[in-house]
Each structure stands twice: as C-alpha cells, then as structure tokens.
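I have placed the structure first, in the form of structure tokens, so that the comments after it can refer back to it.
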DNA sequence: TCACCAATCTGAACGACGTCAAGATAATCT
DNA sequence: AGATTATCTTGACGTCGTTCAGATTGGTGA
C-alpha cells in the first residue's frame with residue numbers, strides 16, 4: 001500500500017525476495033550480524049515470520065543470497081582498484097588493500113560471506129569465472145615474468161588470497177592500533193603488512 | 001553419584017566449571033559448532049540448564065574458556081613444531097604447516113577461537129606473552145639477517161599470521177582438492193602455498 | 001556439635017528464535 | 001466466469017538463552 005509501484009507487481013507484496021535481501025542487509029549494517037534473525041528480516045520487510053519461506057528454503061538460503069551480493073560487490077571493488085592504475089609499483093599490494101578495505105567497510109556483510117563459505121566448505125563458484133579470484137590471478141600474471149608455470153600462478157593466487165582474508169578478518173583488532181598510528185594510518189599499515197609477506201621468500205627453498 | 005571421585009569434591013557437583021568446558025569440547029568434536037548450545041552443554045554435564053550460570057556469566061564466557069584452552073593448545077603445537085628441527089630450510093613453512101594442521105584437526109575449536117576474537121575485535125592477550133604470536137616472531141628473528149628493524153619483524157609476524165589464518169580457514173575448501181592431489185597430499189599443498197607467498201616480494205618496493 | 005551462611009543446584013517461567021501446517025487472499029490461466 | 005496456483009497470515013511446536021524463587025549442600029564460627 002504505502003510504497004506501491006505504479007506498474008506490474010507480480011504478486012501480493014511486489015518483489016519480496018528482493019525486499020528480504022535488502023532488509024537483511026539493512027539489519028546487518030545497522031545492528032550487526034547478531035541481530036540478523038529471519039523474524040527480524042520479515043519484520044523489517046513488513047511481512048509475517050512465515051512469509052520468507054515462500055522465497056527461500058530456510059534462513060541459510062536467504063543468507064546465501066545476501067552473501068552472493070556481497071561477493072559480487074567485492075568483484076566490483078577489486079575491478080575498480082585494478083582499473084585505477086595510479087602507480088605501477090606495488091600493484092598487488094593495491095589489490096590487497098582494496099580487498100581488506102572492502103571487508104573493513106562492510107564488516108557484517110563480509111562475515112556473512114565467509115560464514116556461508118565455511119558452512120559449505122567452499123568459496124562461491126562465481127569466483128572462478130571472472131570473479132575476484134581471477135582478478136588476483138590475472139594481476140599476478142601480468143607482473144610475473146613470462147613463462148611462469150600455471151601451477152605457480154595458481155599457488156601464488158591462493159597464497160595472496162589467504163593473506164588478504166587473514167588480514168581482512170583481523171584488521172580491526174586492537175593489537176594493531178599502535179602500529180597503525182606509527183605507520184601513519186590504516187592503509188599504510190595494510191600496505192606495509194602486504195609488503196612484508198616477502199620475508200617468507202627468504203626462508204623458503206624457492207626455485 | 002555415578003562418577004563420584006573418591007576425594008575432595010569442593011561443592012555439589014565437584015568441579016562443574018571444568019566439566020562444562022569438557023562437555024562443550026566434546027559436543028564441538030562430536031556434533032560441530034552448530035550444536036553447541038548452553039542447554040546441550042548442561043545436558044551433557046548432567047546438570048540443569050541454569051547451573052552453568054553459577055560459573056559463567058553467560059554463554060559467551062563459557063566459550064571464552066573453551067577458546068582459551070584452544071589457544072593454549074595451539075601454543076603447544078607450535079612449540080612442538082619449532083622444537084623438532086628436522087630440516088633447517090623452510091623453518092617458517094614448517095611453523096605455518098603446523099598452524100594450519102592444528103586448525104584442520106580441530107576445526108570446530110578453531111572456529112570458536114576466532115569467533116570469540118572477532119566478537120572482541122582482539123586476539124587473546126596470552127598470545128603476546130610467550131604465546132603463539134611470539135613463537136612466530138622469534139622464529140622469524142632467528143632466520144632474519146642481523147639488524148632487522150623491530151618494526152619489520154613485527155610487520156612480518158603479522159603478515160605470516162594473517163597468511164596462516166587465511167589458509168587455516170580455507171584448507172578444507174573443495175576448490176583446492178585437485179591441487180592437493182596434484183602436489184601429493186595436503187601438507188605438500190600447504191608448504192607450497194606458504195612458499196609462494198614470496199611472489200609478493202617481486203612486486204613490492206621493498207628495501 | 002550444631003546452627004547459620006553462602007555457594008551451588010533445580011524447576012518453572014519468559015521472550016525470541018527457526019520452522020511448519022492449515023487456512024485466507026489474490027493473481028494467473030482457460 | 002471459475003479453477004488453479006502462488007503468496008501471505010495465523011497459530012502452533014520445540015529449542016534456545018536467561019532469570020528468579022526456592023531447595024539443597026558444604027564450610028564456618030559459636
């Protein structure tokens with residue numbers, strides 16, 4: 001009634017699936033992941049607690065839809081970072097910084113994304129086809145010397161992804177506050193951490 | 001009654017705090033984190049649902065105790081890996097492998113550990129005083145050239161920790177199954193990923 | 001020794017949660 | 001139009017975290 005779109009509203013509500021996902025994201029931003037109950041989502045969308053079950057099998061499937069949107073937006077954030085060729089040194093670090101900043105700016109969403117992944121023991125398939133994973137790998141490939149083995153590229157991508165995810169989950173931790181100010185801000189801290197990943201190379205028997 | 005210890009049982013139950021933590025860990029191992037309700041823990045320990053509240057402020061505080069044990073055992077696992085000087089090349093990778101293997105062998109416990117950390121936005125304090133964090137830093141220090149700056153050591157430790165945690169959370173992901181067999185097992189895969197962290201060094205403007 | 005006190009446990013209750021079944025309502029199809 | 005199907009509501013069930021009043025028990029001081 002209140003927000004009736006003039007045109008085709010296919011069913012009672014309009015587009016409840018969409019509204020539910022939006023409501024879920026609003027709750028995530030406003031009150032955090034702990035407040036994200038199915039009932040609260042339905043309440044926010046203005047429907048009864050049972051209504052969501054006509055659009056999602058259960059709560060997990062709704063969260064899946066939310067996570068899917070999150071991964072898509074992460075793709076976009078990385079693509080944007082990759083496109084902005086400010087400097088050509090530390091391009092990988094730029095990508096890492098963009099990744100962690102996305103997690104920092106959308107902490108609840110990022111948490112839902114990985115909670116779902118852990119439950120499924122898999123990253124979403126979309127990452128393998130033009131998604132964020134490919135962007136990391138392609139950036140690595142651009143900068144690697146020619147003739148780098150396929151498997152090395154894959155392993156390096158995984159390594160970079162793990163480092164990014166680890167940092168994304170810990171970026172808000174209080175233990176790093178001192179270092180952040182010491183280095184002149186959060187992004188400087190991020191870049192510094194990424195660049196120190198190289199210290200591993202000194203101890204590893206790499207070809 | 002059934003498992004009455006012959007000696008000093010200070011109160012009604014004996015040592016309910018201890019029994020509750022044990023019960024929680026048993027549930028974690030058996031049925032996973034989703035089944036870990038306070039009521040289930042009390043049930044497992046053979047007390048009423050309200051009994052735990054005389055030993056823990058709320059559910060979070062019980063999980064805190066469980067997580068505390070987990071961090072302690074992680075300390076021990078890393079110390080053990082550090083002590084076994086099988087080969088002197090790739091020592092840092094050995095430590096990383098030990099870290100991830102702990103997470104792989106105690107997935108539910110590891111999840112509780114980090115869930116609690118994320119809720120508090122901080123790693124436990126015990127890590128700063130002889131804990132796992134120090135073991136990583138000390139191992140790095142042993143292998144670094146003399147005169148490495150304090151801050152570089154700190155940043156490298158953080159970098160290593162983030163990479164380890166990221167890999168620990170994703171080690172079970174299905175996407176890596178093919179690579180694991182291709183490399184001849186899970187540990188070989190782990191070591192390979194750690195050793196490819198060095199590819200970052202090639203793109204970073206490091207001194 | 002025994003009465004008292006504080007610590008510990010139980011039982012019942014509250015509100016909130018995820019989920020389901022039955023019925024009402026409204027859009028679509030013929 | 002009527003029949004069908006998708007959608008939403010109402011009400012209920014079992015479980016959860018948590019609280020509170022009361023029962024029980026171990027330790028303490030008279």
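Below is a table of values for the structure above.
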quantity: Subset tally (residues that are more than 14 Å from chain A (Cβ to nearest Cβ) and away from DNA strand C (no atom under 16 Å from the Cβ)) for region B:50-70; calculated: 6
quantity: Region A:18-45 residues that are within 14 Å of chain B (Cβ to nearest Cβ), paired with ones that are at pLDDT 95 or above and within 13 Å of DNA strand C (Cβ to nearest atom) (beta carbon under 7 Å, 6 or more apart); calculated: A:33/A:112; A:35/A:27
quantity: Test set (1) within 13 Å of chain B (Cβ to nearest Cβ); (2) surrounded by fewer than 16 Cβ atoms within 10 Å (Cβ to Cβ) - residue A:110 fails condition number; calculated: (2)
quantity: Set A:123, A:155, A:183: member being under 18 Å from the mean Cα position of the chain (by Cα) and at the interface with chain B (Cβ under 9 Å from one of its Cβ atoms); calculated: A:123
quantity: Options A:189, A:102, A:194: the member that is modelled with pLDDT under 95, within 24 Å of residue B:114 (Cα to Cα) and out of contact with any strand residue (DSSP E or B) (no Cβ under 8 Å at 6 or more places or on another chain); calculated: A:194
quantity: Search result, residues across region B:3-46 that are crowded, with 17+ Cβ neighbours inside 10 Å, at pLDDT 95 or above and assigned to a loop (DSSP other than H, G, I, E, B); calculated: B:36
quantity: Hits in region A:47-59 (condition: touching a residue at least 24 places away in the same chain (Cβ under 8 Å) and either under 25 Å from residue B:120 (Cα atoms) or crowded, with 16+ Cβ neighbours inside 10 Å (or both)); calculated: A:47, A:51, A:52, A:55, A:56
quantity: Condition broken by residue B:60, with the remaining ones in (1) away from DNA strand D (no atom under 16 Å from the Cβ); (2) over 17 Å from the mean Cα position of the chain (by Cα) satisfied; calculated: (1)
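The values are calculated or read from the model by the stated rules, or taken from the named source; none is laboratory data. Since the model is a prediction, treat every value here as computed from it, not as a measurement. Counting neighbours? That spans all protein chains shown, and the Cβs are built from the backbone with ideal geometry, glycine included.
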